[in-house]
Amino acid sequence: MRRCPHSFCEPVWRYRQQLLSPLPALREWLFDTGSLTRRLQQACDREFRVEVVAQGWQRPLLNERRRLALPTRRLALVRQVYLYCGDLPCVFARTIIPRQTLSGAERHLAVLGNRPLGALLFADPRMHREPMEFARLQSGERLFADAVQRLASPPATIWGRRSVFYLAAKPLLVNEIFLPTIEKL
């Protein structure tokens, strides 16, 4: 485990060409550039649902602030959800939405409730997505601890991806952390 100066480390995000290969079962999920929401809905033979576990104004993690070029003290709307197939939590998602992104037509992003963000993003013809980054997360890392809360026995490591999306040139960062249950779909 890495040594951290703080109580929690942050994941190290890498582009695909810098990445050590994840398990074969996860590759298709991790590297798919389409809508994760749509793919989960198609793979799930039970009810697909979104559970909001937290949403509010807070300081993003350092790596999130850097990725969005946000000033150190700037707050953003942080939304954390689980994507479920039946009673299986398959993905933990953490979205960082800067205040300026929530202006004009995009103000509805603040009141999504249990509606999936992915369905909204991929339905918008103005949407642009930057290249994805990937991380292998482990115990002791902030997103790992948040992601495995719903698991009875957390694994040693999990994989995640993230990308910056733009709606009308306004950014938001979406982190998607894949839980081992996704391999059952």
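Miscellaneous remarks
- Some residue of region 123-130 being modelled with pLDDT of 95 or more and under 15 Å from residue 175 (Cβ atoms): yes
- Any hit, region 101-114, residues being touching a residue at least 60 places away in the same chain (Cβ under 8 Å) and part of a strand (DSSP E or B): no
- Subset of region 95-128 (residues that are surrounded by fewer than 20 Cβ atoms within 10 Å (Cβ to Cβ), in contact with a helix residue (DSSP H, G or I) (Cβ under 9 Å, 6 or more places away or on another chain) and among the polar types (S, T, N, Q)): none
- Number of positions in region 149-179 that are without any contact (Cβ under 8 Å) to a residue 40 or more places away in the chain and either open to solvent by less than 50 Å² (accessible area, probe 1.4 Å) or in contact with a Gly (Cβ under 9 Å, 6 or more places away or on another chain) (or both): 4
The values are calculated or read from the model by the stated rules, or taken from the named source; none is laboratory data. All values reported here derive from a predicted model rather than from experimental measurement. A quick note on method: Cβ atoms are made from the backbone with ideal geometry, for glycine too, and the neighbour counts reach across all protein chains shown. Quick note on the areas: whole protein, heavy atoms, side chains included, nothing else; ligands and nucleic acids left out. Shrake-Rupley method; radii C 1.70, N 1.55, O 1.52, S 1.80 Å.
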